[in-house]
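Notes for the one structure printed next.
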Amino acid sequence: DIVMTQSPDSLAVSLGERATINCKSSQSVVYSSNNKNYLAWYQQKPGQPPKLLIYWASTRESGVPDRFSGSGSGTDFTLTISSLQAEDVAVYYCQQYYGSPPEFIFGPGTKVDIK
Amino acid sequence: QVQLQESGPGLVKPSGTLSLTCAVSGDSISSNNWWNWVRQPPGKGLEWIGEIYHSGSTNYKPSLKSRVTISVDRSKNEFSLKLSSLTAADTAVYYCVREAEAGSYFDYWGQGTLVTVSS
(Lines give C-alpha, C1' and ligand atoms only; values in the text may rest on other atoms or scores of the structure.)
Protein backbone atom coordinates (compact mmCIF):
# COMPACT_ATOMS: atom_id res chain seq x y z
CA ASP A 1 0.00 0.00 0.00
CA ILE A 2 1.07 3.54 -0.71
CA VAL A 3 1.81 5.53 2.44
CA MET A 4 2.01 9.29 2.75
CA THR A 5 3.86 10.83 5.67
CA GLN A 6 4.14 14.45 6.73
CA SER A 7 6.62 16.17 8.98
CA PRO A 8 6.48 17.71 11.41
CA ASP A 9 3.15 16.74 12.98
CA SER A 10 2.84 20.31 14.18
CA LEU A 11 4.86 23.50 14.21
CA ALA A 12 4.64 26.96 15.71
CA VAL A 13 6.11 29.85 13.78
CA SER A 14 6.33 33.55 14.60
CA LEU A 15 4.27 35.95 12.51
CA GLY A 16 6.19 36.92 9.40
CA GLU A 17 8.52 33.94 9.62
CA ARG A 18 8.79 30.99 7.24
CA ALA A 19 6.90 27.74 7.77
CA THR A 20 7.99 24.58 6.01
CA ILE A 21 6.02 21.35 5.81
CA ASN A 22 7.35 18.15 4.28
CA CYS A 23 5.43 15.35 2.61
CA LYS A 24 6.87 12.02 1.56
CA SER A 25 5.29 9.24 -0.45
CA SER A 26 6.32 5.60 -0.36
CA GLN A 27 5.92 5.55 -4.13
CA SER A 28 6.70 8.07 -6.85
CA VAL A 29 3.81 10.38 -7.72
CA VAL A 30 5.14 11.17 -11.19
CA TYR A 31 2.57 10.29 -13.84
CA SER A 32 4.52 8.70 -16.66
CA SER A 33 2.20 9.84 -19.46
CA ASN A 34 2.81 13.56 -18.87
CA ASN A 35 5.67 13.69 -16.34
CA LYS A 36 3.55 15.65 -13.87
CA ASN A 37 3.82 15.15 -10.12
CA TYR A 38 0.28 14.35 -8.96
CA LEU A 39 0.69 15.93 -5.53
CA ALA A 40 -1.64 18.54 -4.07
CA TRP A 41 -1.74 20.59 -0.88
CA TYR A 42 -4.82 21.67 1.06
CA GLN A 43 -5.44 24.02 3.98
CA GLN A 44 -8.17 23.22 6.48
CA LYS A 45 -9.34 25.64 9.14
CA PRO A 46 -11.53 24.49 12.04
CA GLY A 47 -15.10 23.79 11.03
CA GLN A 48 -14.37 24.29 7.34
CA PRO A 49 -13.77 21.96 4.42
CA PRO A 50 -10.26 21.73 3.02
CA LYS A 51 -9.21 24.38 0.53
CA LEU A 52 -6.97 23.64 -2.43
CA LEU A 53 -3.69 25.57 -2.32
CA ILE A 54 -1.28 23.83 -4.69
CA TYR A 55 -1.65 21.16 -7.36
CA TRP A 56 0.83 19.29 -9.56
CA ALA A 57 3.32 19.85 -6.72
CA SER A 58 4.02 23.50 -7.51
CA THR A 59 1.08 25.14 -9.32
CA ARG A 60 -0.70 27.62 -7.11
CA GLU A 61 -4.49 27.57 -7.31
CA SER A 62 -6.09 30.79 -8.51
CA GLY A 63 -6.60 33.26 -5.66
CA VAL A 64 -4.10 31.64 -3.31
CA PRO A 65 -1.61 34.18 -1.91
CA ASP A 66 1.88 33.94 -3.35
CA ARG A 67 3.38 33.38 0.09
CA PHE A 68 2.30 29.76 -0.41
CA SER A 69 4.59 27.73 -2.63
CA GLY A 70 5.12 24.06 -3.36
CA SER A 71 8.21 22.22 -4.49
CA GLY A 72 9.59 18.75 -4.91
CA SER A 73 9.41 15.81 -7.26
CA GLY A 74 9.13 12.05 -7.21
CA THR A 75 8.57 11.10 -3.58
CA ASP A 76 9.56 14.19 -1.58
CA PHE A 77 7.64 17.45 -1.48
CA THR A 78 7.55 20.68 0.50
CA LEU A 79 4.93 23.33 1.19
CA THR A 80 6.41 26.66 2.20
CA ILE A 81 4.62 29.62 3.70
CA SER A 82 7.16 32.38 3.20
CA SER A 83 5.78 34.85 5.74
CA LEU A 84 3.25 33.39 8.13
CA GLN A 85 0.09 35.40 8.67
CA ALA A 86 -2.45 34.94 11.45
CA GLU A 87 -5.00 33.63 8.97
CA ASP A 88 -2.65 30.80 7.99
CA VAL A 89 -3.27 28.95 11.26
CA ALA A 90 -4.69 25.67 10.02
CA VAL A 91 -3.98 22.03 9.34
CA TYR A 92 -2.25 21.34 6.04
CA TYR A 93 -2.64 18.09 4.10
CA CYS A 94 -0.78 16.71 1.15
CA GLN A 95 -2.61 14.40 -1.23
CA GLN A 96 -1.35 12.01 -3.87
CA TYR A 97 -3.21 10.62 -6.85
CA TYR A 98 -2.35 7.11 -7.90
CA GLY A 99 -3.75 6.10 -11.25
CA SER A 100 -3.67 2.34 -11.40
CA PRO A 101 -6.22 1.70 -10.07
CA PRO A 102 -7.36 5.27 -9.40
CA GLU A 103 -6.98 6.20 -5.76
CA PHE A 104 -6.44 9.37 -3.76
CA ILE A 105 -4.29 9.19 -0.64
CA PHE A 106 -3.93 11.94 1.95
CA GLY A 107 -1.08 12.59 4.31
CA PRO A 108 -1.88 12.71 8.04
CA GLY A 109 -1.75 16.49 8.24
CA THR A 110 0.47 19.13 9.83
CA LYS A 111 -0.92 21.66 12.27
CA VAL A 112 0.49 25.17 11.98
CA ASP A 113 0.16 27.63 14.88
CA ILE A 114 1.55 31.02 15.81
CA LYS A 115 4.49 31.06 18.21
CA GLN B 1 -19.61 29.48 -8.78
CA VAL B 2 -19.66 25.74 -8.24
CA GLN B 3 -21.42 24.67 -5.06
CA LEU B 4 -21.91 21.24 -3.56
CA GLN B 5 -24.34 20.49 -0.74
CA GLU B 6 -24.55 17.25 1.18
CA SER B 7 -27.79 16.00 2.69
CA GLY B 8 -28.89 12.95 4.60
CA PRO B 9 -29.47 11.53 8.10
CA GLY B 10 -27.05 12.64 10.79
CA LEU B 11 -27.55 9.53 12.90
CA VAL B 12 -27.54 5.94 11.72
CA LYS B 13 -27.50 2.67 13.60
CA PRO B 14 -24.66 0.18 13.73
CA SER B 15 -24.91 -2.46 11.00
CA GLY B 16 -27.15 -0.11 9.04
CA THR B 17 -26.57 1.78 5.80
CA LEU B 18 -25.54 5.41 5.42
CA SER B 19 -27.18 7.26 2.54
CA LEU B 20 -26.07 10.72 1.50
CA THR B 21 -26.83 12.88 -1.50
CA CYS B 22 -24.80 15.71 -2.97
CA ALA B 23 -26.61 18.41 -4.90
CA VAL B 24 -24.42 20.21 -7.42
CA SER B 25 -25.07 23.75 -8.57
CA GLY B 26 -23.09 26.03 -10.83
CA ASP B 27 -21.86 23.07 -12.88
CA SER B 28 -23.37 20.14 -14.70
CA ILE B 29 -22.92 16.69 -13.26
CA SER B 30 -22.36 15.71 -16.89
CA SER B 31 -19.32 17.93 -17.26
CA ASN B 32 -15.87 16.42 -17.73
CA ASN B 33 -15.30 15.95 -14.01
CA TRP B 34 -15.30 13.08 -11.59
CA TRP B 35 -17.43 13.50 -8.46
CA ASN B 36 -16.05 12.22 -5.18
CA TRP B 37 -16.78 11.47 -1.56
CA VAL B 38 -14.18 12.12 1.16
CA ARG B 39 -14.67 11.62 4.89
CA GLN B 40 -13.00 12.86 8.06
CA PRO B 41 -13.52 11.25 11.48
CA PRO B 42 -13.76 13.82 14.27
CA GLY B 43 -10.32 15.21 15.04
CA LYS B 44 -8.64 13.03 12.42
CA GLY B 45 -7.41 13.19 8.85
CA LEU B 46 -9.02 12.89 5.43
CA GLU B 47 -9.94 9.64 3.73
CA TRP B 48 -11.02 9.27 0.11
CA ILE B 49 -14.01 6.97 -0.32
CA GLY B 50 -14.66 6.86 -4.05
CA GLU B 51 -15.71 8.67 -7.20
CA ILE B 52 -18.15 8.56 -10.09
CA TYR B 53 -18.27 9.93 -13.62
CA HIS B 54 -21.54 10.98 -15.22
CA SER B 55 -21.45 7.84 -17.34
CA GLY B 56 -21.74 5.82 -14.16
CA SER B 57 -18.14 4.64 -14.06
CA THR B 58 -16.87 4.37 -10.50
CA ASN B 59 -13.67 3.89 -8.56
CA TYR B 60 -13.59 3.02 -4.87
CA LYS B 61 -11.00 2.89 -2.09
CA PRO B 62 -10.02 -0.78 -2.05
CA SER B 63 -10.56 -1.24 1.70
CA LEU B 64 -14.12 0.15 1.46
CA LYS B 65 -15.10 -1.30 -1.90
CA SER B 66 -17.23 -4.12 -0.51
CA ARG B 67 -19.41 -1.68 1.43
CA VAL B 68 -19.64 1.36 -0.89
CA THR B 69 -21.93 2.30 -3.74
CA ILE B 70 -21.78 5.67 -5.46
CA SER B 71 -24.44 6.57 -8.01
CA VAL B 72 -25.36 9.56 -10.14
CA ASP B 73 -28.70 11.12 -11.09
CA ARG B 74 -28.11 13.35 -14.10
CA SER B 75 -31.74 14.54 -14.16
CA LYS B 76 -31.35 15.99 -10.65
CA ASN B 77 -27.71 17.05 -11.09
CA GLU B 78 -26.71 15.11 -8.01
CA PHE B 79 -24.77 12.08 -6.90
CA SER B 80 -25.11 9.81 -3.91
CA LEU B 81 -23.20 7.64 -1.48
CA LYS B 82 -24.31 4.44 0.23
CA LEU B 83 -22.10 2.81 2.85
CA SER B 84 -23.30 -0.41 4.44
CA SER B 85 -22.46 -2.53 7.48
CA LEU B 86 -21.73 0.53 9.56
CA THR B 87 -19.67 0.60 12.74
CA ALA B 88 -18.65 3.42 15.06
CA ALA B 89 -15.48 3.76 12.99
CA ASP B 90 -17.61 5.14 10.16
CA THR B 91 -18.59 8.16 12.26
CA ALA B 92 -17.22 11.11 10.33
CA VAL B 93 -17.88 14.31 8.46
CA TYR B 94 -18.65 13.29 4.89
CA TYR B 95 -17.72 15.70 2.11
CA CYS B 96 -18.79 15.63 -1.49
CA VAL B 97 -16.04 16.95 -3.69
CA ARG B 98 -15.39 17.78 -7.34
CA GLU B 99 -12.22 16.55 -8.93
CA ALA B 100 -10.65 19.10 -11.23
CA GLU B 101 -11.17 18.48 -14.94
CA ALA B 102 -7.42 18.04 -15.38
CA GLY B 103 -7.65 15.31 -12.78
CA SER B 104 -5.65 14.28 -9.71
CA TYR B 105 -6.82 16.94 -7.25
CA PHE B 106 -9.99 18.38 -5.71
CA ASP B 107 -11.03 21.92 -6.51
CA TYR B 108 -14.49 22.28 -4.96
CA TRP B 109 -15.73 20.88 -1.65
CA GLY B 110 -19.10 20.79 0.03
CA GLN B 111 -19.36 22.04 3.61
CA GLY B 112 -19.62 18.50 4.88
CA THR B 113 -22.19 16.67 6.95
CA LEU B 114 -21.54 14.82 10.20
CA VAL B 115 -22.83 11.27 10.29
CA THR B 116 -22.77 9.54 13.67
CA VAL B 117 -23.09 5.77 13.92
CA SER B 118 -24.72 4.96 17.22
CA SER B 119 -27.60 2.98 18.62
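Those residues that are over 17 Å from A:Gly109 (Cβ atoms) and either without any contact (Cβ under 8 Å) to a residue 60 or more places away in the chain or surrounded by 13 or more Cβ atoms within 10 Å (Cβ to Cβ) (or both), I need them from region A:1-16; list them, please.
Within region A:1-16, A:Asp1 is the sole residue that qualifies.
Looking at region A:30-115, what strands (runs of 3 or more DSSP E) fall wholly within it and have at least 1 residues that are more than 12 Å from chain B (Cβ to nearest Cβ)?
Hits in region A:30-115: A:68-73, A:76-81, A:90-99, A:110-114.
If you check B:Tyr95, B:Tyr108, which single one turns out to be open to solvent by 30 Å² or more (accessible area, probe 1.4 Å) and aromatic (Phe, Trp, Tyr)?
Just a single option satisfies the conditions, and that option is B:Tyr108.
Name the strands (runs of 3 or more DSSP E) wholly inside region B:19-119 in which the number of residues that are more than 14 Å from every other protein chain (Cβ to nearest Cβ) is 1 or more. Lay out the reasoning, then the answer.
Working: elements: B:35-40, B:47-52, B:58-60, B:68-73, B:78-83, B:92-99, B:106-109, B:113-117.
Hits in region B:19-119: B:68-73, B:78-83, B:113-117.
May I ask you to list the residues in region B:66-92 that are surrounded by 14 or more Cβ atoms within 10 Å (Cβ to Cβ) and either among the hydrophobic types (A, V, I, L, M, F, W, C) or within 22 Å of B:Ser25 (Cβ to Cβ) (or both)?
Residues satisfying the conditions are B:Val68, B:Ile70, B:Val72, B:Asn77, B:Glu78, B:Phe79, B:Ser80, B:Leu81, B:Leu83, B:Leu86, B:Ala92.
Which one of the conditions (1) exposed (fewer than 13 other Cβ atoms within 10 Å of the Cβ); (2) touching a Pro at 6+ places or on another chain (Cβ under 6 Å) does A:Gln44 fail to meet, given that it meets all the rest?
Result: A:Gln44 fails condition (1) only.
How many of the residues in region A:31-41 are buried (at least 16 other Cβ atoms within 10 Å of the Cβ) and either on the phi > 0 side of the Ramachandran plot or among the aliphatic types (A, V, I, L, M) (or both)?
2
With the requirement that a residue be in a strand (DSSP E or B) and either within 28 Å of B:Trp34 (Cβ to Cβ) or open to solvent by less than 40 Å² (accessible area, probe 1.4 Å) (or both), what does region B:1-17 give you? So that I can check it myself, show each step before the final result.
Narrowing region B:1-17 to residues in a strand (DSSP E or B): B:3-7, B:11-12.
Result: B:Gln3, B:Leu4, B:Gln5, B:Glu6, B:Ser7, B:Val12.
The values are calculated or read from the model by the stated rules, or taken from the named source; none is laboratory data. This structure is a prediction, so every number in the text was calculated from the model and none was measured. All Cβ positions, even for glycine, are placed from backbone atoms using ideal geometry, and neighbour counts span all protein chains on display. All accessible areas refer to the heavy atoms of the entire protein, side chains included, with ligands and DNA or RNA removed. Shrake-Rupley method; radii C 1.70, N 1.55, O 1.52, S 1.80 Å.
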